Amino acid sequence: MSSASSSVRRIAATVLAAGAIVSAAALPAAAHDGDRHHQQRPRVEISRVQADSPGREDRSNRSLNGEWVEIRNTTRTPVNLRGWTLRDSDGNRYRFDNVRIGSRATIRIHSGNGRDTRTDLFQDRRDYVWDNRADTATLRDDRGRTIDTKTWGRRR
């Protein structure tokens, strides 16, 4: 019985050692998968939308600029938005020129006319873009990949 008992112990020790080796080899792969998942978070995101311009909607430039979409860079490095687009559900599109968004910075894209700055861009439109009740803002990179979307309300 003692030889059977020692055989069982040897087999159990071998199985445990093999399990430890397999676990050690799998651990870096699991950690790497966590890093890959973390990288899937948008580096640039639609952080806020003001679809309903405050006050009376009279198509004045002031009212048009009261509706905007805010884009935020969530990283520590600047991102060039050249060729990126911002669209609504109706297909209205704003294309970014050579615009750099700083690290952890935000940019507001207004519907009306104005002079572009580091923090504010203007679509130079004479009509509202965003539907007050329901719409979707979609941000795409220069390759056409969807980076982020923000939806509000329900479309009929």
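The values are calculated or read from the model by the stated rules, or taken from the named source; none is laboratory data. On a predicted model such as this, the values are computed, not experimentally measured, just so you know. Virtual Cβ from ideal backbone geometry, glycine too; neighbours counted across all protein chains shown. SASA here: full protein model, heavy atoms, side chains in, ligands and nucleic acids out. Shrake-Rupley method; radii C 1.70, N 1.55, O 1.52, S 1.80 Å.
Applying 0.36 nm per residue to the separation of R95 and T149 and subtracting their alpha-carbon distance, the gain on full extension is 17.9 nm.
Close amide H contacts of D148 (hydrogens built in the peptide plane, cut-off under 5 Å, sequence separation of 5 or more or a different chain): L139. Expressed as a whole percent, the accessible surface of region 75-114 that belongs to carbon and sulfur atoms is 36, based on a 1.4 Å probe. Annotation for region 40-96: GluC sites (Glu not before Pro) lying in DSSP loop with at most 14 further Cβ atoms inside 10 Å of their Cβ are E57.
Just subtract the alpha-carbon distance of S103 and D142 from 0.36 nm times their residue separation and send over the number in nm, one decimal.
Taking S103 through D142 to full extension adds about 12.1 nm, to one decimal.
Between N113 and R56, what FRET efficiency follows from the Cβ-Cβ distance if R0 is 22 Å, with the result rounded to 0.05?
Working: r = 18 Å, r/R0 = 0.83.
So the FRET efficiency works out to roughly 0.75.
Accessible area per residue for region 36-137, computed on protein heavy atoms with a 1.4 Å probe, is 61 Å². Each Lys or Arg adds one and each Asp or Glu subtracts one; over the other residues with Cβ under 15 Å from the Cβ of Y94, this totals -4. Here W84 sits with roughly 30 square angstrom of accessible surface, probe radius 1.4 Å.
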